[in-house]
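Trainee: I have a structure I would like to understand better, so I am pasting it below and will then ask my questions one at a time.
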Amino acid sequence: MATIKPLENIEESPRVKAVFDDIRKTRNSDFINNMWIYIAVDEDLLESTWADVKRVMAQPSSIDPVTKEMIYIAVSIANSCSYCVHSHTAMAKARGMTDNQYAELIKIVSLAAKTNHIANGLQIPIDDVVEAEKQ
């Protein structure tokens, strides 16, 4: 259950409408997902978050869009954000992620979690070769 209620008549605010219109244009879709609807209770938060998401996720970069979404899924799994896991899995699939790629991603995330816990629990020192590369 949400901790707040979304605003009624949300797009009556010119700032919210401007962000929502930009989301629609950028994503080439009329759909505004709940993340944006719920954070629109704070117009500053809505604007700044959308600006960050648009800059990192929607602008062309050296990382392709499917890989960006897969990274987002992995971090969302690690942070236990069910909403983001579902949302970014849908985005990754829409951008071409296959079921086999998703299965492999889950294997990698679960393996990383396992080995991270082992290394963390044992406080394994960083290898000299790796330490030397940091300098």
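Trainee: Straight-line reach from LYS93: which aspartates and glutamates have Cα under 17 Å away, leaving out those fewer than 8 places along the same chain?
Mentor: ASP64, GLU69, GLU104
Trainee: May I pose another question? Could the peptides 97-104, 58-65 be put in order, highest first, of the mean number of other beta-carbon atoms found within 10 Å of their residues?
Mentor: Numbers: 97-104: 12.5, 58-65: 11.0.
Per-residue Cβ counts within 10 Å, averaged per peptide and sorted highest first, yield 97-104, 58-65.
Trainee: Roughly how many Å² of GLU133 are accessible to a 1.4 Å probe, to the nearest 10?
Mentor: So the heavy atoms of GLU133 present about 150 Å² to solvent.
Trainee: Hey, rough spin-label estimate for MET35 and THR115, points 7 angstrom out along Cα→Cβ, what's it come to in nanometres?
Mentor: 2.8
Trainee: Using Cα positions and a limit of under 24 Å, work out the lysines in reach of LYS114, with same-chain residues fewer than 8 apart set aside.
Mentor: Once the sequence-local lysines are set aside, what remains near LYS114 is LYS68.
Trainee: Still on this structure, I have one more. Order ARG55, ARG24, ARG15, most accessible first, counting only protein heavy atoms with a 1.4 angstrom probe.
Mentor: On the way: ARG55 140, ARG24 55, ARG15 85 Å².
Reading off the accessible areas and sorting them downward yields ARG55, ARG15, ARG24.
Trainee: While we're looking at this one, here's another question. Can you bin the range 1-81 into rounded, prolate or oblate? Criterion: square roots of the alpha carbon gyration tensor eigenvalues sorted a ≥ b ≥ c, rounded for a/c under 1.5, prolate for a/b above b/c, oblate for the rest. Intermediate values should be presented prior to the final figure.
Mentor: Details: a/c = 2.31, a/b = 1.39, b/c = 1.67.
It is oblate, given that a/c is not under 1.5 and a/b is not larger than b/c.
Trainee: With the full set of protein chains in place, find how many percent of the accessible area of the chain is carbon and sulfur; take the probe as 1.4 Å.
Mentor: Of the solvent-accessible surface of the chain, carbon and sulfur hold 57 percent.
Trainee: If you don't mind, there's one more thing I want to ask. In debye to the nearest 20, how big a dipole does the range 1-126 give about its Cα centre with +1 on each Lys and Arg Cβ and -1 on each Asp and Glu Cβ? Working shown, then result.
Mentor: On the way: 13 positive and 15 negative charges, 96 e Å.
It works out to roughly 460 debye.
Trainee: Which one is right for this structure if semi-axes √(5λ) of the Cα gyration tensor in Å is calculated from it: (i) 33, 22, 13; (ii) 29, 24, 17; (iii) 35, 18, 16?
Mentor: (iii)
Trainee: Return one number: the angle in degrees, 0 to 90 and rounded to the nearest 10, between the long axis of the Cα atoms of helix 43-53 and the longest principal axis of the Cα atoms of the chain.
Mentor: Helix 43-53 sits at roughly 50 degrees to that axis.
Trainee: Give me the accessible area per residue for the chain, probe 1.4 Å, as a whole number in Å². Provide the component values of the computation, followed by the final result.
Mentor: Working: 9740 Å² over 135 residues.
Heavy-atom accessible area per residue stands at 72 Å².
Trainee: Quick check: residue separation of SER48 and ALA94 times 0.36 nm, minus the Cα distance between them. What number comes out in nm?
Mentor: Numbers: separation 46, 0.36 × 46 = 16.56 nm, distance 2.51 nm.
Computed gain between SER48 and ALA94 is 14.0 nm.
Trainee: With the contact rule set at Cα under 8 Å and sequence spacing of 6 or more, what percent relative contact order holds for the range 40-130? Walk me through the numbers on the way to the answer.
Mentor: Numbers: 36 pairs, mean separation 19.9, N = 91.
After rounding, I find 22 percent.
The values are calculated or read from the model by the stated rules, or taken from the named source; none is laboratory data. Treat the numbers as computed from the prediction; the structure is a model and nothing was measured. For neighbour counting, all protein chains shown are included, and Cβ atoms are generated from backbone atoms with ideal geometry for every residue, glycine included. Surface accessibility is based on the protein's heavy atoms, side chains included, excluding ligands, DNA and RNA. Shrake-Rupley method; radii C 1.70, N 1.55, O 1.52, S 1.80 Å.
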